[in-house]
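A short write-up of the structure that comes next.
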Amino acid sequence: MKFTKMHGCGNDYIYVNAFTEKIDNPEKLAVKISDRHFGIGSDGLILILPSQNADAFMQLYNADGSKGSMCGNGIRCVAKYIYDKGLIPSDRHKTFIETPAGIKEISLDIQNGKVKNATVDMGIAKLDGELPEAININGMDLKFIGVDVGNDHAVYFVEDNPAIKDIMTWPDSKFAVEGKYFETHSRFLRRVNSEFIEIISHDEINMRVFERGSGETMACGTGATASAFAGFISGKLNNNVLVHLRGGDLMIKIEPDYKCYMTGEAVEVFSGEI
């Protein structure tokens, strides 16, 4: 099987061109190749499939083999892949990619004949629950804002949650253990992506994320979008927000109708055969 490893802000996936490659058991394959010691190493597997309604269909499998519906960093890399590999004409600076969460429009920033950055129309963000909603996780009384941006997110602002005031500096080992309690809480029937936000200003935040099915990742595009939206509707943030993640920065823009746009890099690491 031929593959390409790519990342957006350190959120890395293994991409397979399923126009030409046949994958019989993607769930099992995702677990195998995602292993950072015995596989290629990634946050999961993304298949680039034919679509009758768009330029391609993106199917995401998390590192544990579970299916994902949308990935903001992943879809930028799919857009880069289909442009750089000639699956769409070189004079097109826009592409449409179908996902289980719908068709997304991506505008491409072309530099030296390759995609450098991409802006994704993330659709309309929706509030999922109260504003904010109380929850008790592993004995900690907390408040979060639930947001749906094609997948489910729970956004925790550090300033509103004294019990996790130092979560941004928790050791990776502690974050990995505690993160599972957040992900699997009974409030979230399909598990949930959890974002932890430190506000720098009305236009800038730091974010740490524990992703459903993958654990802590260097970045999460849908999570950054959900966090900016949660801050916007709660009056904490303006409608243009720079999000600092462990692997890089994303820019989120929120329109008056709550349509969100995400801009960030898309990077090819290497290609190979396994």
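Keeping all protein chains in place and using 1.4 angstrom, which order do His202, His7 fall into by accessible surface area, from largest down?
His202, His7
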How large is the accessible surface of Tyr61 in square angstrom, using a 1.4 angstrom probe and rounding to the nearest 10? 10
More than 17 Å apart - percent of Cα-Cα pairs taken over the stretch 205-270: 40
Dipole magnitude of the stretch 41-155, debye to nearest 20 (Cβ charges: Lys/Arg +1, Asp/Glu -1, about Cα centre): 540
Given the -39500 (n - 2.57) contribution per DSSP H run of 4+ residues, what per-residue ellipticity at 222 nm results for the chain, rounded to the nearest 500 deg cm²/dmol? -5500 deg cm²/dmol
How many nm separate the modelled label positions at Asn238 and Ile124, each set 7 Å beyond the Cα in the direction of the Cβ? 2.6
Taking the chain as a Gaussian network, Cα atoms linked when under 10 Å apart, which of Val177, Val209, Val31 shows the biggest mean-square fluctuation? Val177
Solvent-accessible area of Phe19, probe 1.4 Å, all protein chains present, reported in Å² to the nearest ten, please. 90
For the stretch 1-158, take every pair of Cα atoms, bin their distances at 10 Å starting from 0, and report each bin as a whole percent. 10, 35, 32, 17, 5, 0
Classify the stretch 147-274 from the C-alpha gyration tensor, please: rounded if a/c falls under 1.5, else prolate or oblate depending on whether a/b exceeds b/c. rounded
Given N residues in the chain, what is Rg(Cα) / (2.2 N^0.38 Å)? 0.96
Starting from 0.36 nm per residue, how many nanometres of slack lie between Asn136 and Ile274 once their C-alpha separation is accounted for? 45.2 nm
May I ask for the angle, rounded to the nearest 10°, between helix 172-183 and the longest principal axis of the chain, with both axes built from Cα atoms and the value confined to 0 to 90°? 80
Order of 67-73, 98-104 by packing, highest average Cβ count within 10 Å first? 67-73, 98-104
Would you list the P(r) distribution for the stretch 177-216, with all Cα-Cα distances sorted into 10 Å bins from 0 and each bin expressed as a whole %? 31, 42, 23, 4
Approximate spin-label separation Glu105-Lys165, in nm, with each point projected 7 Å along Cα-to-Cβ: 4.6
Modelled label-to-label distance, Phe96 and Glu204, 7 Å Cα→beta-carbon offset: nm? 3.9
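Here is the link list: Lys104/Lys126; Lys2/Lys85; Lys22/Lys259; Lys67/Lys180. Which ones come out longer than 24 Å on Cα distance?
Pairs exceeding 24 Å: Lys22/Lys259.
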Karplus 3J(HN,Hα) series, Hz, for the stretch 110-119 with 6.51 cos²θ - 1.76 cosθ + 1.60 (x for Gly, Pro): 9, 9, 6, x, 10, 6, 9, 10, 8, 10
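The values are calculated or read from the model by the stated rules, or taken from the named source; none is laboratory data. Here the structure is a predicted model, which is why all the values come from computation and not from measurement. So basically every Cβ, Gly included, is an ideal-geometry build from the backbone, and we count neighbours across all protein chains shown. In case anyone asks, the SASA skips ligands and DNA or RNA and just uses the protein heavy atoms, side chains included. Shrake-Rupley method; radii C 1.70, N 1.55, O 1.52, S 1.80 Å.
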